[in-house]
Amino acid sequence: MNERDVIVIGGGPAGMAAAIEAALAGLSVDLVEQRPTLGGAIYRQQADGGTSPVQSKMARQRFARLSTALAGISANMRFSSVFLGLDADGFVLIENRQIGRIELIRSRAIIVATGAVERILPRPGSELPGVSTAGGLQVMLKETSRAPQGRVLLAGNGPLLLAVAAQLIRLGNPPAGIVEAGDPLRAAALSNVGLLSHPALLAEAAVYLKDIYRAGTPWFRGTRLTRIEKVDGALQATLCDRHDAVRTILVDRIGLHDGIQSNRIGLPAEQTRTGSAPVVVRAGDCREALGAVAAEADGRRAGLLAVSLLSGIATDISVAERAIARQRQAQALITRSFMPVAGGSHLASLPDETLLCRCEGRTVGDLRQLLDRPDPISDREIKHNGRFAMGLCQGRFCASNVAELVALLRPDASKPTPDGLTGQRWPIRPVSIGALTRAAPEDNCED
Amino acid sequence: MYRRDTLPATNIHLMKSIRLHEISGSPPSTAIVIGSGIVGAATAYYLGKRGVAVHLLEATAPAAEASGAADGAVSVASKRPGTMMTAALRGVALYRDLARDGLLADLYKTRSTFIIAASQAECELLEKHREALLDAGVKAVALSRQALQKRFQVLSPNALMGVEVHDEGHAIGYEIVHRLVKASGAFVHRDTPVREFVEAGGRVAGVVTPKGVMTADAMVIAAGGGSANLLNLDNVLIPRKGQLLVTERAPALNRAMPGAIMSGRYLLSKGSQKGTGALPSRGLGLVIDPLRTGQFLIGGTREDFGDRQTNDIDAVRRILLAAVDLVPGLADVRLLRSFAGVRTAVIDGLPLIGRLPGRENAYVATGFEGDGICLGPLTGKTIAQMICGETPEFDLSDFDPARFMAGKVAA
Amino acid sequence: MNSFRFLSKNIPFNEGESIAAALEAAGIRQFGRDAVGHEIRYFCGIGACQCCLVRIDGVIREACVTPARAGAHIELVGADHE
């Protein structure tokens with residue numbers, strides 16, 4: 001069988017960097033990307049290939065460097081292909097959507113770089129049309145260079161809200177407001193002098209804030225979005241500030257975002273022993289969500305690690321590790337700046353009817369009822385009998401919320417982990433049965 | 001026969017001793033049930049109903065093994081004629097009672113099983129099997145190819161004939177276990193594996209666990225594969241892996257299926273008929289069950305040499321090819337999840353249910369292979385009746401563990 | 001300009017655009033209801049949440065990561081699911 005050395009899953013900065021390092025060391029490399037283009041969500045390019053007005057100059061330069069380097073190596077690109085997992089016999093399962101078939105690939109090493117997903121806290125009404133993640137809005141802005149029509153509200157927690165606001169402004173539709181659970185101005189002023197050692201971050205923030213200030217976009221800090229309702233064909237958002245003062249705002253679109261977390265649900269475990277089973281290394285945000293710069297460095301680290309594991313040649317990953325450490329420090333400072341200040345726990349104060357798991361229609365009340373017993377039930381029992389993390393998204397959006405809410409509801413028992421709730425199973429994405437019946441080792445495929 | 005020698009006796013004395021209750025005669029006031037799969041959960045439930053204080057000791061968590069990875073058939077259709085078929089009939093009837101009485105009302109789905117033949121050999125086998133079902137008093141109606149197309153429109157023309165076995169059902173193992181454990185009132189000790197027994201004068205007085213020694217009047221070993229270690233039955237209880245699949249919801253196709261499908265090959269893979277020749281070491285017995293949620297459960301393999309809870313594309317593809325062959329519409333549905341479980345089988349194909357030879361207060365119930373969901377509640381009820389000195393409502397003599405243990409215990 | 005069919009409507013799109021982006025530009029934000037009863041709509045943009053499923057020439061796909069294709073026929077998954 002035609003075994004390759006390395007298969008890289010994901011064409012974002014981590015996957016691109018990993019593929020480049022592995023190929024430069026002479027290894028044969030395949031790169032698998034679910035979309036028809038490279039860049040991942042962070043460097044999503046304008047559909048027509050033109051220069052997007054919403055990408056920052058630095059982001060454009062970083063992506064251009066990666067693209068040039070990748071063009072200079074001989075990696076086998078597999079676009080419109082979705083990684084389904086690693087099976088018990090060591091086959092890498094790839095759904096090739098261009099031909100509607102599952103390809104079974106043998107590889108000595110797998111570098112998984114599936115990026116991040118946004119953390120979205122449950123809120124009554126967040127299942128409604130017109131509500132998306134803020135990152136989802138951003139991806140579409142990058143792809144189309146068009147702002148969504150109507151009044152847009154951005155809500156949640158973290159710097160991405162500011163980035164999306166600035167991009168909306170640049171495309172001519174300033175948001176109706178930014179609702180931020182933290183109070184980064186106050187936090188930064190009080191204690192966060194550490195950010196001064198990250199001038200690039202501060203410069204980026206300054207650009208966003210200048211645009212937001214000029215556009216007159218209200219920035220509701222220390223405020224939470226607690227409820228969304230359909231009112232007269234629009235969306236009514238209920239906002240609650242740190243003094244529990246409540247107000248409502250009528251908009252057409254809402255972009256939610258409460259942070260970034262690794263997209264690692266169901267992924268095969270890391271495995272760095274060489275032998276009959278393939279080496280598995282994770283890279284980038286799916287290992288630790290630290291953003292694009294760290295992801296690229298971590299991709300290099302993972303590529304070099306795979307090289308040394310497969311070839312026995314020592315590689316130097318210290319430069320990459322220092323870059324990652326610096327980004328980790330920066331992210332910690334940002335997280336501290338954006339620490340929610342609004343009173344009480346958002347999760348603990350949710351009304352029973354709030355959907356925790358949209359896929360299966362399971363609510364906060366369902367979880368409370370499930371846990372209303374003297375004995376601490378296991379992660380798997382919570383999953384099976386609450387049907388949490390059992391739906392189509394396989395827990396990517398509910399598992400961390402469920403784990404945290406369980407910990408709040410029974411503080412004396414062991415805290416569940418998102419991974420404990422979801423388990424490690426393939427397929428890691430729902431996949432057509434018809435395509436599975438056409439699964440074949442790729443050498444047997446007739447194209 | 002018990003592993004008394006694996007731990008020095010002095011260690012037992014050093015451990016904290018939890019004396020649950022004074023040992024008394026029958027009916028007991030306390031019981032320890034080892035294993036919280038469906039059999040242990042049902043035993044705890046029926047003991048609880050009789051006023052027995054039950055401690056359910058579980059090596060990991062309820063329904064963590066075979067009961068949590070079962071196909072959920074509550075079915076006579078596939079059973080071998082004889083004791084197992086009779087037992088399954090009683091098992092299905094008990095589910096109907098439990099659903100009617102409310103305990104399992106929302107968890108038990110009544111539906112027919114359609115056994116489908118797609119080859120001449122399967123047709124002959126199926127006709128013989130239908131006679132056996134009729135003899136046992138089961139309503140089993142033969143459907144010609146034309147009748148089948150009319151009754152079951154999403155079925156492929158590859159189906160040559162079918163037998164509709166009426167009044168069967170489906171139950172999801174982990175949901176049943178959850179319900180039974182909660183209703184039992186038992187105290188559940190998770191992550192509490194039993195290492196060995198404490199014996200005293202022809203009784204099993206207690207068990208040694210990492211948390212200490214626990215004692216009770218009656219002991220039930222329903223630990224599936226874990227029973228092999230506890231009872232030194234490594235050559236009698238064998239693992240048999242099964243891989244299963246669950247799809248996304250597809251309500252329209254789900255509604256168009258008037259019942260579950262079992263391929264005629266299932267009878268072959270399970271060896272339900274004697275004289276069908278050697279079984280493959282990795283048999284495939286296709287079942288397609290339309291679930292309450294609108295999803296489909298599709299199974300499964302029966303693998304003699306597998307003991308890991310993993311899925312491989314070879315097995316998954318073969319299961320799905322067989323499924324699409326009978327229900328072509330499934331090709332447009334997406335697979336959501338694959339999983340695997342390890343059933344505990346007995347080498348002679350019959351479970352071990354009954355009192356441990358030479359131990360007046362200890363019972364075993366394991367080795368159901370793929371029939372635990374169907375027979376679990378019935379077994380739990382029967383064991384509880386035995387423990388409480390009642391006449392068991394079901395004759396267990398064919399399942400008597402003495403058939404493998406008599407010699408050893410006398411020694 | 002290229003176009004695909006969404007139910008009975010012709011939806012124009014720019015080459016390389018996702019189905020979700022084209023539907024958004026056409027003002028279509030709700031793609032029927034899923035089997036649980038929720039309205040199907042764009043959410044995460046990266047194929048993870050499974051909230052924007054449509055049936056493209058018979059195959060269920062995430063609208064957000066699937067490029068629009070000229071002449072494709074797009075239906076609601078609910079057409080089968082309801």
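The values are calculated or read from the model by the stated rules, or taken from the named source; none is laboratory data. These numbers were taken from a predicted model, which means no experiment stands behind them. Here the Cβ is made from the backbone with ideal geometry for all residues, glycine too, and neighbour counts use every protein chain on show.
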Which one of these does A:T68 not meet: (1) in a strand (DSSP E or B); (2) more than 14 Å from chain C (Cβ to nearest Cβ)? (1)
Taking the conditions exactly as written (of a type in the set (V, I, T) and assigned to a loop (DSSP other than H, G, I, E, B)), does A:I382 satisfy them or not? no
What are the pairs with Cβ atoms under 8 angstrom where one residue, in the stretch B:283-294, is under 19 Å from B:L155 (Cβ atoms) and the other, located anywhere, is among the aromatic types (F, W, Y) and part of a strand (DSSP E or B)? Sequence gap at least six, or different chains. B:I288/B:F296; B:D289/B:F296; B:P290/B:F296
Out of the residues in the stretch B:206-240 that are of a type in the set (G, A, S) and part of a strand (DSSP E or B), which is farthest from B:V54 (Cα to Cα)? B:G212
For the stretch C:38-52, what are the residues that are surrounded by fewer than 24 Cβ atoms within 10 Å (Cβ to Cβ) and more than 7 Å from chain A (Cβ to nearest Cβ)? C:I40
List pairs: first residue in the stretch B:224-251 and in contact (Cβ under 8 Å) with a residue 12 or more places away in the chain and within 14 Å of chain C (Cβ to nearest Cβ), second residue surrounded by fewer than 19 Cβ atoms within 10 Å (Cβ to Cβ) and small (G, A, S) anywhere in the structure, Cβ distance under 6 angstrom, at least six positions apart or on different chains. B:R249/B:G294; B:P251/B:G294
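Table: residues versus (1) within 19 Å of B:L231 (Cα to Cα); (2) touching a Ser or Thr at 6+ places or on another chain (Cβ under 8 Å); (3) assigned by TED's automatic domain parsing to the domain that holds B:A42.
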{"site": "B:D304", "(1), (2), (3)": "no, yes, no"}
{"site": "B:L321", "(1), (2), (3)": "no, yes, no"}
{"site": "B:D325", "(1), (2), (3)": "no, yes, no"}
{"site": "B:R334", "(1), (2), (3)": "no, yes, no"}
{"site": "B:E369", "(1), (2), (3)": "yes, yes, yes"}
{"site": "B:E393", "(1), (2), (3)": "no, yes, yes"}
{"site": "B:P401", "(1), (2), (3)": "yes, no, yes"}
Test A:V112 against the stated conditions and say whether it is modelled with pLDDT of 95 or more and closer than 21 Å to A:L305 by Cα. yes
Selection from the stretch A:356-370 of residues that are out of contact with any Lys or Arg (no Cβ under 6 Å at 6 or more places or on another chain) and more than 19 Å from A:C240 (Cβ to Cβ): A:C357, A:R358, A:C359, A:G361, A:T363, A:G365, A:D366, A:L367, A:R368, A:Q369, A:L370
Subset tally (residues that are within 14 Å of chain B (Cβ to nearest Cβ) and surrounded by fewer than 23 Cβ atoms within 10 Å (Cβ to Cβ)) for the stretch A:393-416: 3
Consider the stretch B:35-65. How many of its residues are out of contact with any helix residue (DSSP H, G or I) (no Cβ under 6 Å at 6 or more places or on another chain) and in a helix (DSSP H, G or I)? 2
What do you reckon, is A:I73 outside any loop (DSSP other than H, G, I, E, B) and among the β-branched types (V, I, T)? no
Quickly run through the stretch A:129-153 and pick out the residues that are out of contact with any helix residue (DSSP H, G or I) (no Cβ under 8 Å at 6 or more places or on another chain) and part of a loop (DSSP other than H, G, I, E, B). A:P129, A:G130, A:S145, A:Q149, A:G150, A:R151
Would you pick out the residues in the stretch B:28-72 that are charged (D, E, K, R) and away from chain A (no Cβ under 14 Å)? B:K49, B:R50, B:D71
Test for A:G90: is it in a helix (DSSP H, G or I) and touching a residue at least 60 places away in the same chain (Cβ under 8 Å): no
Restricting the stretch A:307-357 to residues that are assigned to a helix (DSSP H, G or I) and hydroxyl-bearing (S, T, Y), the residue that is farthest from A:L185 (Cα to Cα): A:S311
So C:G16 ticks every box in (1) within 22 Å of B:R249 (Cα to Cα); (2) facing chain A (nearest Cβ under 8 Å); (3) of a type outside the set (K, R); (4) part of a loop (DSSP other than H, G, I, E, B) but one. Which box is left unticked? (1)
Which listed residue is surrounded by 22 or more Cβ atoms within 10 Å (Cβ to Cβ) and either of a type in the set (D, E) or in contact with a Pro (Cβ under 9 Å, 6 or more places away or on another chain) (or both), from B:L148, B:L104: B:L104
Of the residues B:R334, B:R282, B:R308, which single one is modelled with pLDDT of 95 or more and within 13 Å of chain A (Cβ to nearest Cβ)? B:R334
Does the stretch B:365-386 contain any residue that is touching a strand residue (DSSP E or B) at 6+ places or on another chain (Cβ under 6 Å) and assigned to a strand (DSSP E or B)? yes
Answer yes or no: is there a residue in the stretch A:154-162 that is in a helix (DSSP H, G or I), more than 13 Å from every other protein chain (Cβ to nearest Cβ) and either within 17 Å of the chain's Cα centre (by Cα) or more than 15 Å from A:R253 (Cβ to Cβ) (or both). yes
Which of the residues spanning the stretch A:63-87 are surrounded by 18 or more Cβ atoms within 10 Å (Cβ to Cβ) and either more than 24 Å from C:N14 (Cα to Cα) or free of Cβ contacts under 8 Å to residues at least 40 places away in the same chain (or both)? A:L66, A:L70, A:A75, A:F83, A:L84, A:G85, A:L86, A:D87
Quick check on this structure: which one of C:A63, C:A21 is out of contact with any His (no Cβ under 8 Å at 6 or more places or on another chain), surrounded by 19 or more Cβ atoms within 10 Å (Cβ to Cβ), within 19 Å of A:A41 (Cβ to Cβ) and more than 9 Å from chain A (Cβ to nearest Cβ)? C:A63
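Go through A:V193, A:V179, A:V207 for me and flag whichever is within 25 Å of the chain's Cα centre (by Cα) and modelled with pLDDT under 95.
The unique qualifying residue is A:V207.
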Of the numbered conditions (1) in contact with a Pro (Cβ under 8 Å, 6 or more places away or on another chain); (2) among the charged types (D, E, K, R); (3) assigned to a loop (DSSP other than H, G, I, E, B), B:D348 satisfies every one except a single condition; which is it? (1)
Which one of these is free of Cβ contacts under 8 Å to residues at least 12 places away in the same chain, within 13 Å of chain B (Cβ to nearest Cβ) and not aliphatic (A, V, I, L, M): A:R425, A:R373, A:R429, A:R380? A:R373
Extreme residue, surrounded by the most Cβ atoms within 10 Å (Cβ to Cβ), among residues of the stretch A:300-316 that are touching a helix residue (DSSP H, G or I) at 6+ places or on another chain (Cβ under 8 Å) and under 21 Å from A:G10 (Cα atoms): A:G303
Test set (1) crowded, with 19+ Cβ neighbours inside 10 Å; (2) in a strand (DSSP E or B) - A:K230 fails condition number: (1)
Looking at B:A228, B:A218, which one is in contact with a Pro (Cβ under 7 Å, 6 or more places away or on another chain) and surrounded by 19 or more Cβ atoms within 10 Å (Cβ to Cβ)? B:A218
